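Engineer: Quick one: the structure is below, questions incoming.
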């Protein structure tokens, strides 16, 4: 069976985890032609339905209460989406998540889970995932709390594929890549600078990878997706002539991730 369930996790709100999950799904579909199911597993404060302006008549909460999952799948920008309910009064067993979505693994190239920053709600997400990516901003508070998610993953023996550093604003006053890797012992596979165009994307309810193809955020998302999907990273003339010892560390890490994708195809 495919090891294609990917979760984006952090134990702190406001780091852009939902945005990264959505942008990754959008890029895998529209830039790489993959079949993707995006699942909002933020059980208490879901956002994906709001991001994409979905009606959410039936949601993941209903699927966890017995409704067949195909009844709660919506389509947006080519992505199949399972939103969650902001208000749901009936009790649900969130640990049914793995069983609920695993049946759909053969239908998709990737199932992407957006998680809750809530410690207890994070556990069933990590249990359901085949592998996870940690999302952090480059400050001490966020990185420290994010590493708690890494601890849960290690306890549950869910592989951690890498860290994506998001919302880089003032590099002189933030952790750099080497510091983050030394503190976490996990490779950084992407660095995303904050950009004002993201506010427009949120307002228009459209992924920035579709709104502005050449935006720096869009480019880095595509680089990350190329590694996740085992595709070669596109290079321009200048990147081709850069000496190997000047290649950015995150690019090297993505190459290792890409190689692991190829190896997994033969397991």
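Engineer: So which residues in the stretch 195-224 are free of Cβ contacts under 8 Å to residues at least 60 places away in the same chain and within 17 Å of the chain's Cα centre (by Cα)? Steps first, please.
Structural biologist: Of the residues in the stretch 195-224, the ones free of Cβ contacts under 8 Å to residues at least 60 places away in the same chain are 195-197, 199-201, 203-204, 211-216, 219-220, 223.
Passing the criteria: 219, 220, 223.
Engineer: Quick one: is residue 152 surrounded by 16 or more Cβ atoms within 10 Å (Cβ to Cβ), at pLDDT 95 or above and either touching a helix residue (DSSP H, G or I) at 6+ places or on another chain (Cβ under 7 Å) or under 21 Å from residue 249 (Cβ atoms) (or both)?
Structural biologist: no
Engineer: Okay, moving on. Search the stretch 60-86 for residues being within 27 Å of residue 156 (Cα to Cα) and in contact with a strand residue (DSSP E or B) (Cβ under 8 Å, 6 or more places away or on another chain), and hand back the single one that is surrounded by the fewest Cβ atoms within 10 Å (Cβ to Cβ).
Structural biologist: The residue in question is 69.
Engineer: Quick one: how many residues across the stretch 21-35 are assigned to a helix (DSSP H, G or I) and either surrounded by fewer than 23 Cβ atoms within 10 Å (Cβ to Cβ) or free of Cβ contacts under 8 Å to residues at least 12 places away in the same chain (or both)?
Structural biologist: Total meeting the criteria: 1.
Engineer: Moving to a separate point now. Residue check: is residue 89 at pLDDT below 95, farther than 30 Å from residue 143 by Cβ and crowded, with 19+ Cβ neighbours inside 10 Å? Give the derivation first.
Structural biologist: Working: at pLDDT below 95: yes; farther than 30 Å from residue 143 by Cβ: yes; crowded, with 19+ Cβ neighbours inside 10 Å: no.
So residue 89 fails the test.
Engineer: Here are some residues: 5, 48, 11. Which one is at pLDDT below 95, crowded, with 21+ Cβ neighbours inside 10 Å and under 30 Å from residue 145 (Cα atoms)? Step through it out loud before you land on a result.
Structural biologist: Numbers: 5 fails: at pLDDT below 95; 48 fails: at pLDDT below 95.
None of the other options fit; the residue is 11.
Engineer: Related question: Test each condition in (1) under 16 Å from the mean Cα position of the chain (by Cα); (2) more than 22 Å from residue 156 (Cα to Cα); (3) assigned to a loop (DSSP other than H, G, I, E, B) for residue 38 and report the one that comes out false.
Structural biologist: For residue 38, the failing item is (3).
Engineer: Let me ask you something else. For the stretch 160-181, enumerate the residues that are under 17 Å from residue 255 (Cα atoms) and surrounded by fewer than 21 Cβ atoms within 10 Å (Cβ to Cβ).
Structural biologist: Across the stretch 160-181, the qualifying residues are 160, 177, 181.
Engineer: Would you check which residues across the stretch 72-96 are within 15 Å of residue 46 (Cα to Cα) and in a helix (DSSP H, G or I) and list them?
Structural biologist: 72, 94
The values are calculated or read from the model by the stated rules, or taken from the named source; none is laboratory data. Everything quoted here is computed from the prediction, not taken from an experiment. FYI the Cβ positions are ideal-geometry reconstructions off the backbone, even for glycines, and counts take in every protein chain you see.
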